[in-house]
Amino acid sequence: MTELQQRLSTDVGGRYVVERELGRGGMATVYLARDLRDERQVAIKVMDPELAAAVGAERFRREIALAERLRHPNIIGILDSGEAAGTAYYVMPYIRGETLRDRMVREKQLPVADAIQIARQVADALAYAHEQGVVHRDVK
């Protein structure tokens, strides 16, 4: 268990049980956790504390505020947010299943109908976000 995971576990321990790391990016780490109040699995995204100290957590807080406004079937909503482990975090529903990246590695090439359906869903979500004044700078 990393120091960040230990600190997060301590700080949110009354509400969430942090189970394991799900992934890591340039700005944050995402953990799988169990929501004790609602008895469900959730994903907790935590801003890197060193990055927060260097550049401030304001950009991450803006991300939270923007994401909390969005209500669309192809955009995961935010359930909770706050400060823990010396940095900002937010909580999203955990969506069980294979990632698109894993599927593409496994299949090498998606069926055309599947690729079109995925592209439509992504385009629909991005169009909605743009209508709300949100520009996502990290679409892969």
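Quick notes on this one:
- Residue match in segment 105-113 (condition: under 23 Å from residue 130 (Cα atoms) and open to solvent by 20 Å² or more (accessible area, probe 1.4 Å)): no
- Filter pass, residue 76 being part of a loop (DSSP other than H, G, I, E, B), touching a Pro at 6+ places or on another chain (Cβ under 7 Å), hydrophobic (A, V, I, L, M, F, W, C) and open to solvent by 80 Å² or more (accessible area, probe 1.4 Å): yes
- Test set (1) of a type in the set (Gly, Ala, Ser); (2) over 24 Å from residue 126 (Cβ atoms); (3) assigned to a strand (DSSP E or B); (4) open to solvent by 40 Å² or more (accessible area, probe 1.4 Å) - residue 81 fails condition number: (2)
- Residue within segment 92-104 that is part of a strand (DSSP E or B), open to solvent by less than 100 Å² (accessible area, probe 1.4 Å) and in contact with an Asp or Glu (Cβ under 7 Å, 6 or more places away or on another chain) present: no
- Residue match in segment 42-58 (condition: among the small types (Gly, Ala, Ser), within 17 Å of the chain's Cα centre (by Cα) and assigned to a strand (DSSP E or B)): yes
- Residues of segment 25-46 that turn out to be among the basic types (Lys, Arg) and surrounded by 14 or more Cβ atoms within 10 Å (Cβ to Cβ), as a count: 2
- Within segment 105-124, the set of residues being basic (Lys, Arg) and assigned to a loop (DSSP other than H, G, I, E, B) comprises 108 only.
The values are calculated or read from the model by the stated rules, or taken from the named source; none is laboratory data. Since the structure is predicted, the reported quantities are computational estimates derived from the model, not experimental observations. Here the Cβ is made from the backbone with ideal geometry for all residues, glycine too, and neighbour counts use every protein chain on show. For accessibility, only protein heavy atoms count, side chains too; no ligands or nucleic acids. Shrake-Rupley method; radii C 1.70, N 1.55, O 1.52, S 1.80 Å.
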